[in-house]
Amino acid sequence: HSAITINNVTKRFDDFIALKKICLEVKKGELVCFLGPSGCGKTTLLRIIAGLEECDDGEIIQHGKVITHLPPSKRDYGIVFQSYALFPNLTVAKNIAYGLKKKDFEKKEAKKRVKELLALVGLSGSEEKYPSELSGGQQQRVAFARAIATNPALLLLDEPLSALDARVRERLRQEIRELQKNLGITTIMVTHDQEEALSIADKIVVMNQGVIEQVGTPLEIYHQPKSLFVADFVGKINLLKAFYSRNGYFQVGQLRFKVALQAKNEPQAEEAIKLLIRPEDIKLYDDTRNDEGNILEGDVLKVTFLGSFCRVLMRIRGLLEDTLLLDLPHKALVKGVIQEGSFLKLCIASGD
Ligand code: ADP
Ligand code: MG
């Protein structure tokens, strides 16, 4: 059952095309992330869904009803922005009750609802505080409570966590996800943070320059990127220029690799293709493991310690133009196997 359907939505600002024929379906209860670099059109699309911006072409349907030209007040959603956007001169309770007043909640009922909402976002007892007395994370919790106060069918979030520091951001991210699941509220969240999208979305919509590059689950987006842009934007990737030999073998420089094919059709013999390899799919060669094929040798150019793993930049022998990034367990670093200038023998998983 579709909660929101977007049909061929196009948006221009003068002669700049911000969105090109966007088509998308959001199912009831889903958490969907719009993910893409700054300026790709995420906020514009969210604002069109909210009725804060008019599209030039196409239509928006919510629960079977065309809402394309309805004013925001006639639409059924709650929204949270990056900047907390709370009224500074109103208490927390009044901020949250603001939307309730518009929907004609009885005063007594509103008070009960505010209490309930504050408990829901972990801020019980903060009714009489002012926004300036709260931390950024707490203010965003209040903004969240205000957005869901009237039980809207749709929750719109525009980079709600971007202004918060890393620890608060990560915690709030999980809290929002849990709340969203418990309430079963259909949610669209804009983010430019791939980790955020991968960790909480049911479905990710990857956008680039006003178009949708791919829609898929986090696993699909990461493991089966449909374009170079998606592969490169979500996670780290090594891109090697290769030629297809046959039977799944690729010629890369002077090396031969066997890799499972992602494309549906087998390439032509000698066809130039791009081989994409995730850094974590390259491992240290282990002769006790009987690793077959896909063996590489090279010299370490740079090692970056990243906590649970280390990222290693290598010059590979037999590959003149390309360097490779690989992620190795930091154990190897600790043992001193890897340092700048070390020679390593590696192996690439064949993908099956
Ligand atoms: P994102 O949220 O992905 O960073 P936006 O949707 O805010 O991107 O903007 C998409 C593009 O549209 C950007 O190039 C931006 O400069 C442009 N844009 C957005 N709003 C306006 C506006 N009101 N007038 C002119 N250009 C705009
Ligand atoms: Mg934006």
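The values are calculated or read from the model by the stated rules, or taken from the named source; none is laboratory data. All figures in this text were calculated on a predicted structure; none of them were measured in a lab. Cβ sites come from the backbone with ideal geometry, for glycine too, and all protein chains shown count toward neighbours. Heads up: the accessible areas ignore ligands, DNA and RNA and are worked out on the full protein's heavy atoms, side chains in. Shrake-Rupley method; radii C 1.70, N 1.55, O 1.52, S 1.80 Å.
Observations on the structure shown:
- Residue with peak Gaussian network fluctuation, the chain [Cα springs, cutoff 10 Å], from N247, N265, N208: N265
- Accessible surface area normalised per residue over the chain is 54 Å², counting heavy atoms of protein chains with a 1.4 Å rolling probe.
- Cα centre as origin, Lys/Arg/Asp/Glu Cβ charges: segment 238-348 dipole, Debye: 160
- Amide H contacts of D56 (H built 1.01 Å from N, in plane; Pro and chain starts excluded): T10, K11, R12 sit under 5 Å, all sequence-distant by 5 or more or on other chains.
- Computed with the Debye formula from one identical point scatterer per Cα of segment 2-233, without solvent, the log10 of I(q)/I(0) at q = 0.07, 0.09, 0.12 Å⁻¹ comes to -0.22, -0.37, -0.66.
- Here the chain exposes an accessible surface that is 49 percent carbon and sulfur, computed with a 1.4 Å probe and the other protein chains kept in place.
- Per-residue extension of 0.36 nm, minus the Cα-Cα distance of E116 and E270, leaves a gain of 48.9 nm for this segment.
- For the chain, modelled as a GNM whose springs connect Cα atoms under 10 angstrom apart, the maximal fluctuation among V190, V211, V303 occurs at V303.
- Build a GNM of the chain with springs between Cα atoms under 10 Å apart, and of L306, L134, L179 the one that fluctuates most is L306.
- Of R146, R12, the residue with the largest accessible area leads and the full order is R12, R146 (1.4 Å probe).
- Shape category assigned to segment 1-43 from the gyration tensor of Cα positions, a/c cut at 1.5: oblate
- Extension gain (nm, one decimal) between D15 and S135, 0.36 nm per residue minus Cα-Cα: 39.1 nm
- Relative contact order, percent, the chain [alpha-carbon distance under 8 Å, six or more residues apart]: 15
- Projecting the Cα atoms of T91, G210, A269 onto the charge dipole of the chain, computed from C-beta unit charges around the Cα centre, puts T91 farthest toward the positive end.
- Of the complete DSSP H runs in the chain, those spanning 15 angstrom or more by Cα along the long axis with a mean Kyte-Doolittle score not below -0.5 are 92-102, 136-148.
- Within a straight-line Cα-Cα reach of under 30 Å, K274 can be paired with the following lysines, leaving aside sequence neighbours fewer than 8 residues apart in one chain: K20, K21, K42, K203, K226, K236, K241, K258, K264, K283, K302, K345.
- Working from label points 7 Å from Cα in the Cα-to-Cβ sense, the S38 to K74 distance is 3.7 nm.
- Shape call, segment 119-225: gyration tensor on alpha carbons, a/c limit 1.5: prolate
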